[in-house]
1. Tell me, which helices (runs of 4 or more DSSP H) wholly within the stretch 123-217 include 3 or more residues that are touching a residue at least 40 places away in the same chain (Cβ under 8 Å) and open to solvent by 30 Å² or more (accessible area, probe 1.4 Å)?
2. In this structure, does residue 43 turn out to be at pLDDT 90 or above and in contact with a His (Cβ under 8 Å, 6 or more places away or on another chain)?
3. Do we have residue 214 as among the hydroxyl-bearing types (Ser, Thr, Tyr) and within 16 Å of residue 136 (Cβ to Cβ) here?
4. If only one of 149, 184 is within 22 Å of residue 267 (Cα to Cα) and under 17 Å from the mean Cα position of the chain (by Cα), which one is it?
5. Which residue out of 79, 89 is within 21 Å of the chain's Cα centre (by Cα), over 14 Å from residue 10 (Cα atoms) and open to solvent by 30 Å² or more (accessible area, probe 1.4 Å)?
6. Only one of these is in the same structural domain as residue 13 (by the TED database), open to solvent by 30 Å² or more (accessible area, probe 1.4 Å) and at pLDDT below 90: 60, 74. Name it.
7. When residues of the stretch 90-122 are filtered for being in contact with a strand residue (DSSP E or B) (Cβ under 8 Å, 6 or more places away or on another chain) and assigned to a helix (DSSP H, G or I), how many remain?
8. If I ask for residues that are out of contact with any Asp or Glu (no Cβ under 7 Å at 6 or more places or on another chain), hydrophobic (A, V, I, L, M, F, W, C) and modelled with pLDDT of 90 or more, which ones from the stretch 109-146 would you list?
Amino acid sequence: MKPINIINAIELQRPKLRKSELKVADHILKQPEKVIHLRIVDLAQQAGVSEPTVVRFFRAIGCDGFQEFKVLLAQHVANNPSYKEFSLNEHDSAREYTIKVFDSAIDTLTKVRDSLDTRAIEAAISALQKAGRVEFYGFGGSSSVATDAQHKFFRLQIPSSAHSDPHIQAMSAMSLKPGDVVVAISQSGRTQALIDAMGLVKEAGATIIGLAPSNTPVALRCDIPLHIDVKEDIEKYTPLPSRMAHMAVMDILAVGVSRAKGPAISEHLQKIHRGLQSLRQLDDR
């Protein structure tokens, strides 16, 4: 299957590339709008590699050759705004950092959207729809995603709960059975307490859906991994676009489960909506 977003395909393949191929990748990522006008010999020369290395690079990212790569790159440049990496400076006005925050979120959501494996999405929706019980596990920033997801899924008449305490997660995991589902949420994919809880879930025979970066311990231990690869600067305060991406993926799963359940769930949601009207303040007339 050809990559939908060629830039994202390059970023996802970087850990698997050879050193010489990495030179090609880095050169393209720095100036994609200029690379579309190059010949293959120019690209090789500017990246400091041989032409055969460039050809191997194209194959590594799923392209048949240079012309197909240029077409996909040109489409990306034409269809995607050129957002710069999020960075603040002391001279930014409120308008400037407002625009930067929104641009960072839009860029992240677009990249994650284009990289999602829809077959994995369909498998996750099927498991959730059939689940006798769904538990959401997350720590730190991921705990708010877990809580929000639990709110979505219990409204879909699926017994569900969210846990951010390692001891509660352990007890939850040990009480599961085959047919139950755990959704493990991690922005780093390396939280040891979460990995430990996942081990207990495996022992119980339940299914694990994971929202985590690719090639991380959490992603590799899932039955159904949903890879969310987002670069973040954790050394200073910046927005957490991965949290928004995780929530968006949870919305996708909730929409899929709702559709799979059919008209009955729509009637149930309308009933809830009507019931909540009495708890809301009426407009003054």
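The values are calculated or read from the model by the stated rules, or taken from the named source; none is laboratory data. Because the structure is predicted, anything quoted here is derived from the model rather than measured. Positions of Cβ are backbone-derived with ideal geometry, glycine not excepted, and every protein chain shown enters the neighbour counts. Remember, those area values only see protein heavy atoms, side chains included, never the ligands or the DNA or RNA. Shrake-Rupley method; radii C 1.70, N 1.55, O 1.52, S 1.80 Å.
1. Passing ranges, in order: 141-154.
2. yes
3. No.
4. 149
5. Only one candidate passes the filter, namely 79.
6. On the way: 60 fails: at pLDDT below 90.
Step by step, each of 60, 74 is checked, and only 74 is in the same structural domain as residue 13 (by the TED database), open to solvent by 30 Å² or more (accessible area, probe 1.4 Å) and at pLDDT below 90.
7. Matching residues across the stretch 90-122 total 3.
8. 120, 121, 123, 124, 125, 127, 128, 134, 136, 139, 145, 146
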